[in-house]
Amino acid sequence: MAQVENPIVVMKRYELKYIISPEQKEFFLERLKGHMEADAFGKTSIASLYYDTPNYRLIRTSLEKPMFKEKIRLRSYGMATDSSPVFLELKRKAYGIVYKRRVQTTIPLVKNFFDGNSDICAGGQINTEITYFRDFYKNLVPSCLIIYDRTAYFEPGGDLRLTIDENPRYRVKDLDLRVSMEGISLLPEGYSIMEIKVQQAMPLWLTSILSDGRIYKASFSKYGAAYEQQVLQSMG
């Protein structure tokens, strides 16, 4: 079967997460002016379909907070179609550093890949790593769909990146990127998830803004929070 030969991305960085209130977001964005700019895409709705084993081995391991953890997801920007580009991402975190392998593909090719019928891209190291992941865990199936509305910011001339995800939501039914962008809220109304992505140390001006705004680092996984909400619902 023909494969999609499109850009392959490898990333290595620290990712710091914060849960911020509407007031903190307003304060932070006001102070951010002159340091960072919103990218050209503006606010973008993103959907990430997480794959896991039938007994949720990957997310259960992740919630135990080991020094090494990994996950695989299929991401679309807006609602997908059979022919629109989607991105299969293998994400690993070891000793606080995030490593991401990402290939552009399509939903039919991804289905064939998880059915064990093909590779995900035309050879190479990234294909080898993603295929090994699939074969190691075996029987990976769609388990949770995470959706949010993201605005990304960049530092002109630098490698600092920052994202603010509004209205994070999830669903465990209709696990298909082609269905809708609807879901159950993960946070109280108006709250957002902010992620700071750096390859080196955080600049002092950014540390100062966070301190002045009483914005503190949080341990938060969108997929993990969704899984825990579902477990609580099933128990109650």
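The values are calculated or read from the model by the stated rules, or taken from the named source; none is laboratory data. The shown structure was predicted, so the numbers you read here are calculated from the model rather than taken from an experiment. Note that we place each Cβ from the backbone using ideal geometry, even for glycine, and neighbour counts take in every protein chain shown.
Listed values, structure above:
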item	result
Selection within the range 156-192 - without any contact (Cβ under 8 Å) to a residue 40 or more places away in the chain, over 20 Å from PHE87 (Cα atoms) and not in a loop (DSSP other than H, G, I, E, B)	ASN167, SER185
Residue selected from the range 112-130 under the condition among the aliphatic types (A, V, I, L, M) and more than 30 Å from ILE184 (Cα to Cα), by the criterion surrounded by the most Cβ atoms within 10 Å (Cβ to Cβ)	ILE120
Residue in the range 105-123 that is part of a strand (DSSP E or B), modelled with pLDDT under 95 and closer than 16 Å to LEU74 by Cα present	yes
Search result, residues across the range 201-226 that are over 16 Å from ASP165 (Cβ atoms) and of a type in the set (A, V, I, L, M, F, W, C)	ALA201, MET202, LEU204, TRP205, LEU206, ILE209, LEU210
Matching entry among LYS33, LYS17 (being within 25 Å of TYR216 (Cβ to Cβ) and in contact with a strand residue (DSSP E or B) (Cβ under 9 Å, 6 or more places away or on another chain))	LYS17
Top-ranked residue of the range 193-236 - restricted to ones that are over 17 Å from LYS17 (Cα atoms) and of a type in the set (A, V, I, L, M, F, W, C), ranked as surrounded by the fewest Cβ atoms within 10 Å (Cβ to Cβ)	MET235
Leading residue by the ranking (surrounded by the fewest Cβ atoms within 10 Å (Cβ to Cβ)) among those in the range 93-111 that are within 30 Å of ALA201 (Cα to Cα), among the aliphatic types (A, V, I, L, M) and touching a residue at least 60 places away in the same chain (Cβ under 8 Å)	ILE97
All positions within the range 14-63 that are under 27 Å from GLY158 (Cα atoms) and part of a helix (DSSP H, G or I)	GLN24, LYS25, GLU26, PHE27, PHE28, LEU29, GLU30, ARG31, LEU32
Matching entry among GLY158, GLY183, GLY190 (being surrounded by fewer than 18 Cβ atoms within 10 Å (Cβ to Cβ), at pLDDT 95 or above and either within 22 Å of LEU32 (Cα to Cα) or within 20 Å of the chain's Cα centre (by Cα) (or both))	GLY190
Residues satisfying the stated conditions in the range 89-112, i.e. within 17 Å of the chain's Cα centre (by Cα) and not β-branched (Val, Ile, Thr)	GLU89, LEU90, LYS91, ARG92, LYS93, ALA94, GLY96, TYR99, LYS100, ARG101, ARG102, GLN104
Enumeration of residues in the range 131-155 that are outside any strand (DSSP E or B) and either among the charged types (D, E, K, R) or surrounded by fewer than 20 Cβ atoms within 10 Å (Cβ to Cβ) (or both)	THR131, TYR132, PHE133, ARG134, ASP135, PHE136, TYR137, LYS138, ASN139, GLU155
